[in-house]
Number of protein chains: 2
Amino acid sequence: MAKILIKNVELNGEIVDVLIENKRFKKIAPKILENIDNAQIIDGTDKAILPPFYNTHTHAAMSLLRSYADDKELFDWLQNYIWPLEAKLTPQDVYIGSRLAFLEMIKSGTVFACDMYWHQLETARAAEEMGIRVAVGEMFLQSTPELNEMNRKNNIELEKLRGKSELVEIMLDPHAIYTVPKEILKTVAEKMKKEDFRLTIHASETPLEVENCFTEHHISPIAYLESLGLLTEKTVLAHCVHLFDDDIKVIRDTGAVIAHNPVSNMKLNSGRFRFHDCLEAGCNITLGTDGACSNNNLSMLDEMKFAALSAKSQYSSPTAGKDVDVFKIATVNGAKAFDIDAGEIKEGKLADAMLIDLNNHFMIADYKLISNMVYSADSSVVDSVICNGEVLMLNRKVRDEDEIIREAKKCCASLKNR
Amino acid sequence: MAKILIKNVELNGEIVDVLIENKRFKKIAPKILENIDNAQIIDGTDKAILPPFYNTHTHAAMSLLRSYADDKELFDWLQNYIWPLEAKLTPQDVYIGSRLAFLEMIKSGTVFACDMYWHQLETARAAEEMGIRVAVGEMFLQSTPELNEMNRKNNIELEKLRGKSELVEIMLDPHAIYTVPKEILKTVAEKMKKEDFRLTIHASETPLEVENCFTEHHISPIAYLESLGLLTEKTVLAHCVHLFDDDIKVIRDTGAVIAHNPVSNMKLNSGRFRFHDCLEAGCNITLGTDGACSNNNLSMLDEMKFAALSAKSQYSSPTAGKDVDVFKIATVNGAKAFDIDAGEIKEGKLADAMLIDLNNHFMIADYKLISNMVYSADSSVVDSVICNGEVLMLNRKVRDEDEIIREAKKCCASLKNR
């Protein structure tokens with residue numbers, strides 16, 4: 001088991017050593033001098049240690065589709081570009097695309113992704129190999145008989161992975177209320193409760209979804225989900241752009257988690273999440289990047305800046321979307337939402353962390369570290385990343401990165417000719 | 001004089017060699033085999049050559065104040081934080097801060113900055129040393145007698161630099177209509193015309209500015225500037241957030257240049273620039289980052305993403321703020337606005353360029369290079385930067401960068417104790 005000693009690193013303005021043992025922060029104190037056989041020593045000089053990012057809504061393998069179609073109307077984009085290309089993706093493509101996405105995530109300080117996509121066995125395999133945490137889901141989506149059968153079989157295989165890895169959580173992923181019939185949603189809700197699954201679903205993303213829900217069910221999407229028993233502390237609601245006051249109360253009262261996706265919401269013009277109303281109500285807000293087709297990167301650093309600035313714009317105040325609030329939803333809130341005992345640099349917590357290069361120009365001047373992380377930094381400031389007590393990136397080098405890039409380029413080239 | 005041969009680089013989807021001689025692109029063609037004595041050879045394999053960025057509104061030395069105060073109301077922010085700290089800045093501080101800013105710019109692909117600040121002699125010196133293009137200005141601002149006298153003297157010194165350097169342009173910089181009295185603005189307008197100066201000014205940035213202008217002059221800020229003879233093809237209007245239809249016509253008809261600052265406008269909640277109305281009217285739109293206090297970085301990559309997404313949000317359409325339009329305002333439009341014969345990778349043009357690492361994860365998949373630049377890339381994709389035929393960054397290394405960082409950190413530490 002890896003033992004790691006990070007020397008002379010800045011934590012909350014002080015210089016400390018950080019000892020990691022058995023996957024947890026064992027000791028955090030100035031000048032740890034004890035005997036540390038077999039420990040990997042990391043020089044933390046001119047670096048700050050911070051909790052890393054937990055990306056609570058993404059579609060990792062869509063990185064293979066990055067830049068394929070932009071600046072389109074939503075349904076034109078989906079029907080004429082994204083879906084036809086997605087239909088060509090094989091399980092091996094999803095593996096390659098997931099590796100590309102996880103490489104990008106690690107390089108920008110992310111150690112966890114809540115992923116929703118096809119062929120999630122491959123995404124789980126990629127995550128495990130790369131040492132990143134992932135929550136993948138059994139897919140529920142009304143589609144062609146062939147795809148339904150494929151998902152059914154994949155779900156059975158996926159469920160066998162449950163509890164097998166400390167990095168991989170198996171969830172239930174009904175896609176959305178407009179793609180999954182009521183009867184199936186009910187079955188999923190029962191399965192969720194009986195077998196104690198976590199669940200994620202797109203919710204209240206577009207005005208059309210809300211409108212159709214009112215037409216069909218005479219209530220809002222959030223109320224509809226609640227009526228089906230789908231809102232619990234283990235529910236992660238992606239987007240939540242169009243919330244009524246009662247929706248916010250229901251989300252707060254049920255303890256459901258919001259995965260806020262400011263970049264995607266702005267790029268697809270889905271609308272604006274009521275950040276402060278939800279924050280003040282006491283909802284559990286987390287942050288996600290969505291997939292690389294509607295963003296188009298998976299950098300939580302970008303996402304934080306957009307979260308802060310879009311809140312300021314929405315509430316017509318520069319005091320909205322404060323740096324500390326935004327950093328919190330991107331880090332510890334995400335870990336908590338998925339019951340990962342991490343997200344804080346504290347003795348006893350699971351050792352997830354990133355080291356930030358304080359000599360990077362984006363970090364100077366240095367009056368406030370968190371302001372620099374939210375408003376100034378890009379991925380070039382992330383020097384090293386640790387997940388579950390293992391070093392995933394050291395001095396910006398990730399294991400196998402050249403091979404991951406090579407495979408991804410080959411795969412994209414082949415996709416163009418299919 | 002440096003001769004540079006870039007081998008095997010991608011330009012508009014083809015692989016070419018690029019020969020730079022006498023500061024210009026001399027030849028661009030596949031496999032240039034001619035004798036190239038004393039040429040610096042740059043391997044362009046797996047890289048794309050693109051025009052670099054021209055940042056048309058910034059306050060470089062404010063990088064020393066990055067993260068000092070955020071999430072505040074505008075006047076609280078200015079009066080209680082920014083102005084008191086700025087008052088402590090010496091000419092040497094401005095030199096150090098400008099070097100820090102130019103380092104950040106080069107590292108993110110920018111070769112030009114239109115800068116407005118105090119002690120611009122120091123900013124000009126820093127730019128010349130680092131090889132970056134800059135337009136600095138004689139400052140006009142109604143302030144204390146001491147500051148007015150300091151500006152007057154500095155302006156005389158600055159004017160002596162006129163025409164002395166091909167990298168440094170001396171402009172006139174009246175700060176804004178609310179900080180410069182009418183009589184001085186008139187004098188500046190006359191000087192501009194008689195001596196063929198370029199001029200930049202903050203214009204229509206906040207609702208308060210517009211309101212006060214109507215109260216005092218009974219016309220909009222843009223109409224007021226026109227009435228004083230301040231709108232010409234050599235006028236660069238920073239922000240232009242609150243434009244009336246007639247303002248847009250006047251800007252188009254006079255040929256004045258707009259410096260759009262989407263991040264700053266969103267962070268300070270100044271309002272939203274009418275991107276498409278100005279684009280469709282045929283205005284000359286360029287892009288600027290503003291200073292590191294209201295952004296908080298100087299990355300034109302960040303700025304492009306915000307320009308695109310804020311246009312989509314403003315016009316309630318994902319087809320607004322298209323990648324190609326946004327890339328154009330960030331590159332060639334900026335060069336044109338300042339009569340720099342660059343901004344395109346073309347034989348005969350001045351050799352300003354950046355090399356993009358196509359093996360960087362942000363650039364894969366690679367269906368559309370410009371989409372990846374606008375929506376996905378961060379500074380880590382910029383491998384090399386060339387300005388005026390000189391290499392400013394090669395494989396992410398900038399000359400003297402360690403020293404620039406060290407000096408900046410020392411300066412920030414001393415500022416905290418003044």
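The values are calculated or read from the model by the stated rules, or taken from the named source; none is laboratory data. Please read all numbers here as calculations on a predicted model, not as lab measurements. When we count neighbours, we look across all protein chains shown, and the Cβ atoms used for this are built from the backbone with ideal geometry, even at glycine.
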Problem set entry | Hits in the range A:314-338 (condition: in contact (Cβ under 8 Å) with a residue 24 or more places away in the chain and among the small types (Gly, Ala, Ser)) | A:Ala320, A:Gly321, A:Ala330, A:Gly334, A:Ala335, A:Ala337
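Return the residues of the range B:299-309 that are in contact (Cβ under 8 Å) with a residue 40 or more places away in the chain and either in a strand (DSSP E or B) or within 9 Å of chain A (Cβ to nearest Cβ) (or both); say none if nothing qualifies. Outline the logic, then answer.
Here is the first cut: in the range B:299-309, the ones in contact (Cβ under 8 Å) with a residue 40 or more places away in the chain are B:299-308.
Matches in the range B:299-309: B:Ser299, B:Leu301, B:Asp302, B:Lys305, B:Phe306, B:Ala308.
Can A:Val332 be described as within 12 Å of chain B (Cβ to nearest Cβ) and either surrounded by fewer than 24 Cβ atoms within 10 Å (Cβ to Cβ) or modelled with pLDDT under 95 (or both)? Spell out the reasoning first.
On the way: within 12 Å of chain B (Cβ to nearest Cβ): no; either surrounded by fewer than 24 Cβ atoms within 10 Å (Cβ to Cβ) or modelled with pLDDT under 95 (or both): yes.
The answer is no for A:Val332.
Report those helices (runs of 4 or more DSSP H) wholly inside the range B:171-258 carrying at least 3 residues which are at pLDDT below 95 and surrounded by 15 or more Cβ atoms within 10 Å (Cβ to Cβ).
On the way: elements: B:182-194, B:207-217, B:221-227, B:245-254.
Qualifying helices (runs of 4 or more DSSP H): none found.
Taking the options A:Ala223, A:Ala292, name whichever one is away from every other protein chain (no Cβ under 14 Å) and of a type in the set (A, V, I, L, M). Can you show your working first?
Values: A:Ala292 fails: away from every other protein chain (no Cβ under 14 Å).
Of the residues listed, the single one that is away from every other protein chain (no Cβ under 14 Å) and of a type in the set (A, V, I, L, M) is A:Ala223.
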Exercise. Got at least one residue in the range B:361-373 being part of a helix (DSSP H, G or I), β-branched (Val, Ile, Thr) and either under 22 Å from B:Glu21 (Cβ atoms) or within 9 Å of another protein chain (Cβ to nearest Cβ) (or both)?
Worked result: yes
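Got a sec? Which of B:Asp341, B:Asp323, B:Asp357 is within 8 Å of chain A (Cβ to nearest Cβ), on the phi < 0 side of the Ramachandran plot and of a type in the set (Asp, Glu)? Show your work before the answer.
Numbers: B:Asp341 fails: within 8 Å of chain A (Cβ to nearest Cβ); B:Asp357 fails: within 8 Å of chain A (Cβ to nearest Cβ).
Within the list B:Asp341, B:Asp323, B:Asp357, the selection yields B:Asp323.
Would you call A:Arg152 on the phi < 0 side of the Ramachandran plot and either touching a Pro at 6+ places or on another chain (Cβ under 6 Å) or assigned to a helix (DSSP H, G or I) (or both)? Steps first, please.
Details: on the phi < 0 side of the Ramachandran plot: yes; either touching a Pro at 6+ places or on another chain (Cβ under 6 Å) or assigned to a helix (DSSP H, G or I) (or both): yes.
Yes; evaluated as a whole, the condition is true for this residue.
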Problem set entry | Test: residue in the range A:376-383 that is within 13 Å of chain B (Cβ to nearest Cβ), assigned to a loop (DSSP other than H, G, I, E, B) and modelled with pLDDT of 95 or more | yes
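Identify, from the list A:Thr56, A:Thr110, the residue that is touching a Pro at 6+ places or on another chain (Cβ under 9 Å) and of a type in the set (S, T, N, Q).
Values: A:Thr56 fails: touching a Pro at 6+ places or on another chain (Cβ under 9 Å).
Only one candidate qualifies: A:Thr110.
Among the residues that make up the range B:76-83, is at least one of them touching a Cys at 6+ places or on another chain (Cβ under 9 Å), surrounded by fewer than 24 Cβ atoms within 10 Å (Cβ to Cβ) and either hydrophobic (A, V, I, L, M, F, W, C) or in contact (Cβ under 8 Å) with a residue 24 or more places away in the chain (or both)? Quick ask: steps written out before the conclusion?
Taking the range B:76-83 and keeping what is touching a Cys at 6+ places or on another chain (Cβ under 9 Å), we get B:77, B:81-82.
Now restrict to residues that are surrounded by fewer than 24 Cβ atoms within 10 Å (Cβ to Cβ): B:77, B:81-82.
With either hydrophobic (A, V, I, L, M, F, W, C) or in contact (Cβ under 8 Å) with a residue 24 or more places away in the chain (or both) added as a condition, the list becomes B:77, B:82.
Taking every residue of the range B:76-83 in turn, at least one turns out to be touching a Cys at 6+ places or on another chain (Cβ under 9 Å), surrounded by fewer than 24 Cβ atoms within 10 Å (Cβ to Cβ) and either hydrophobic (A, V, I, L, M, F, W, C) or in contact (Cβ under 8 Å) with a residue 24 or more places away in the chain (or both).
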Problem set entry | Of the criteria (1) outside any loop (DSSP other than H, G, I, E, B); (2) within 12 Å of another protein chain (Cβ to nearest Cβ); (3) crowded, with 24+ Cβ neighbours inside 10 Å, which one A:Lys312 fails | (3)
Exercise. When you go through (1) closer than 29 Å to A:Val168 by Cα; (2) over 15 Å from the mean Cα position of the chain (by Cα); (3) in the same structural domain as A:Ser63 (by TED's automatic domain parsing); (4) buried (at least 23 other Cβ atoms within 10 Å of the Cβ) one by one for A:Gly282, which number turns out not to apply?
Worked result: (4)
Problem set entry | Which listed residue, of B:His239, B:His218, B:His260, B:His276, is over 19 Å from B:Asp115 (Cβ atoms) and more than 14 Å from chain A (Cβ to nearest Cβ) | B:His218
Problem set entry | First in the range B:352-363 and modelled with pLDDT of 95 or more, second anywhere and of a type in the set (Asp, Glu) and not in a strand (DSSP E or B), Cβ under 6 Å, 6 or more apart | B:Leu358/B:Asp46; B:Asn359/B:Asp46; B:His361/A:Glu104
Problem set entry | Test: residue in the range A:324-331 that is part of a loop (DSSP other than H, G, I, E, B) and either more than 27 Å from B:Ser379 (Cβ to Cβ) or hydrophobic (A, V, I, L, M, F, W, C) (or both) | no
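At least 2 residues that are away from chain A (no Cβ under 14 Å), under 27 Å from B:Ala335 (Cα atoms) and of a type in the set (A, V, I, L, M) in each: list the strands (runs of 3 or more DSSP E) lying fully within the range B:13-132 that qualify. Even if it seems obvious, please write down each step before you answer.
Working: elements: B:14-21, B:24-29, B:39-43, B:47-50, B:53-58, B:110-115.
In the range B:13-132, B:14-21, B:24-29, B:39-43, B:47-50, B:110-115 are the strands (runs of 3 or more DSSP E) which contain 2 or more residues that are away from chain A (no Cβ under 14 Å), under 27 Å from B:Ala335 (Cα atoms) and of a type in the set (A, V, I, L, M).
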Exercise. Within the range A:149-169, restricting attention to residues that are in contact with a helix residue (DSSP H, G or I) (Cβ under 7 Å, 6 or more places away or on another chain) and free of Cβ contacts under 8 Å to residues at least 40 places away in the same chain, which residue is surrounded by the most Cβ atoms within 10 Å (Cβ to Cβ)?
Worked result: A:Leu158
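Give me the residue from the range A:335-348 that is crowded, with 20+ Cβ neighbours inside 10 Å and not in a helix (DSSP H, G or I) and, out of that set, nearest to the chain's Cα centre (by Cα).
Filtering the range A:335-348 down to residues crowded, with 20+ Cβ neighbours inside 10 Å leaves A:335, A:337-338, A:340, A:342-343, A:345.
Next, only the ones that are not in a helix (DSSP H, G or I) stay: A:338, A:340, A:342-343, A:345.
Working: A:Phe338: 11, A:Ile340: 13, A:Ala342: 15, A:Gly343: 13, A:Ile345: 19 Å.
Only one residue fits best here, namely A:Phe338.
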Exercise. Can you find a residue in the range A:400-409 that is surrounded by 22 or more Cβ atoms within 10 Å (Cβ to Cβ) and free of Cβ contacts under 8 Å to residues at least 40 places away in the same chain?
Worked result: no
